[in-house]
Amino acid sequence: MPDKTAPAPQPQETLSFAVVAHIRTAFSTKFGVPRQSGLVPETRAEIVFTPPYRVPEAVRGLEGFSHLWLIWHFSAVRRQPGEWSPTVRPPRLGGNTRVGVFATRSPYRPDPIGLSSVRLLDVRPHTPDGPVLTVAGADLMDGTPLYDIKPYLAYTDSHPDAQGGFSPGPQAALEVQTSAGVLAPVPPDKRQALLDTLAQDPRPGYQHEPGRVYGLLFAGCNVRFTVED
C-alpha cells in the first residue's frame with residue numbers, strides 16, 4: 001500500500017541569484033586550483049563587488065572577523081540545463097569509484113554551487129573598484145562569480161570531531177624540487193603559493209603516468225612539472 005504519510009511530489013522549482021562579487025586569483029584555468037579551501041594557505045585573492053553591492057556600507061563590521069564563507073558558482077562547468085547525474089567519480093577515490101553526488105563536493109551537481117572557507121586578511125572599503133577584500137586559502141578560479149559572503153563563526157561552524165567519510169584528511173604533500181632560476185618569472189609574493197600548490201599534486205586522480213609533463217597557468221606563467229617516485 002502507498003505510504004499516505006509521505007509528502008506529495010512537488011513540481012520542479014527554479015530560483016535566480018544575483019552575483020554580488022567576483023574573485024581575482026592566480027589561477028586562470030581550472031587545472032591546478034586547490035581541491036579544497038585552506039589546503040594552500042599562502043594563496044592570496046581579492047574579492048571585488050559588483051554594482052549595486054559596491055558600497056562601503058555593505059562590508060561595515062566585516063573587519064572584526066578572521067574567516068569567511070564564500071558561496072559561489074562553478075562557472076567553468078560545461079553542461080546542458082537540467083543535466084546531472086546521481087553519482088560521480090571523485091578524484092580522491094582514483095576517479096574509478098562512483099558515489100552519490102551529495103556525498104561529494106564535485107562541481108557536477110544539480111546546482112553548480114561551491115562553498116569555501118577562507119581567511120580574511122584585509123578589508124579596504126574605499127578603492128577605485130569600491131570595497132575590496134583580500135583573502136587567503138581560496139580554491140577558486142580567477143573571475144569566479146560569488147553569490148554571497150558570510151562571516152565564519154567558530155563556535156557554531158567548527159566541528160573538530162566530525163567524520164570525513166572516504167576523505168578523512170588531506171593527502172600527504174609531495175616534495176617539490178626546482179632548478180636554479182626557474183621561479184624567476186613568478187612574482188615573488190606568489191612563489192610559495194605555487195610551490196604549495198604543486199605539493200598538493202594537482203594531477204587528476206586517474207593520471208599517474210611516470211615521466212608525463214603536466215602544465216598549469218599560475219599568475220600569468222605557464223608552469224610545467226613532472227612527478228617522480
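The figures follow:
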read-out	value
Per-region count, segment 189-229, residues open to solvent by 90 Å² or more (accessible area, probe 1.4 Å) and acidic (D, E)	4
Within segment 50-148, strands (runs of 3 or more DSSP E) holding 1 or more residues that are open to solvent by 30 Å² or more (accessible area, probe 1.4 Å) and modelled with pLDDT of 90 or more	67-73, 113-124
All positions within segment 149-162 that are surrounded by fewer than 10 Cβ atoms within 10 Å (Cβ to Cβ) and part of a helix (DSSP H, G or I)	A154, Y155, T156
Any hit, segment 178-187, residues being hydroxyl-bearing (S, T, Y) and either modelled with pLDDT of 95 or more or more than 18 Å from the chain's Cα centre (by Cα) (or both)	yes
Hits in segment 163-197 - residues which are under 14 Å from L39 (Cα atoms), among the aliphatic types (A, V, I, L, M) and assigned to a loop (DSSP other than H, G, I, E, B)	A172, A173, L174
Conditions (1) on the phi < 0 side of the Ramachandran plot; (2) among the small types (G, A, S); (3) under 19 Å from the mean Cα position of the chain (by Cα): number failed by G32	(1)
Hits in segment 17-27 (condition: more than 15 Å from R44 (Cβ to Cβ) and part of a loop (DSSP other than H, G, I, E, B))	F17, A18, V19, V20
Residue within segment 198-209 that is closer than 23 Å to I71 by Cα, outside any loop (DSSP other than H, G, I, E, B) and at pLDDT 95 or above present	no
Inter-residue pairs, beta-carbon under 8 Å, first over 14 Å from Q177 (Cβ atoms) and in segment 200-229, second in a strand (DSSP E or B) and open to solvent by 100 Å² or more (accessible area, probe 1.4 Å), 6+ apart	V213/R224; Y214/R224; G215/R224
Condition met for R24 (under 25 Å from L216 (Cβ atoms), open to solvent by 40 Å² or more (accessible area, probe 1.4 Å) and free of Cβ contacts under 8 Å to residues at least 12 places away in the same chain)	no
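The values are calculated or read from the model by the stated rules, or taken from the named source; none is laboratory data. Every value quoted in this text rests on a predicted model; they were computed, and no experiment measured them. Note that each Cβ is placed from the backbone with ideal geometry, even for glycine, and that neighbours are counted across all protein chains shown. Side chains included, ligands, DNA and RNA excluded: accessible areas come from the protein's heavy atoms. Shrake-Rupley method; radii C 1.70, N 1.55, O 1.52, S 1.80 Å.
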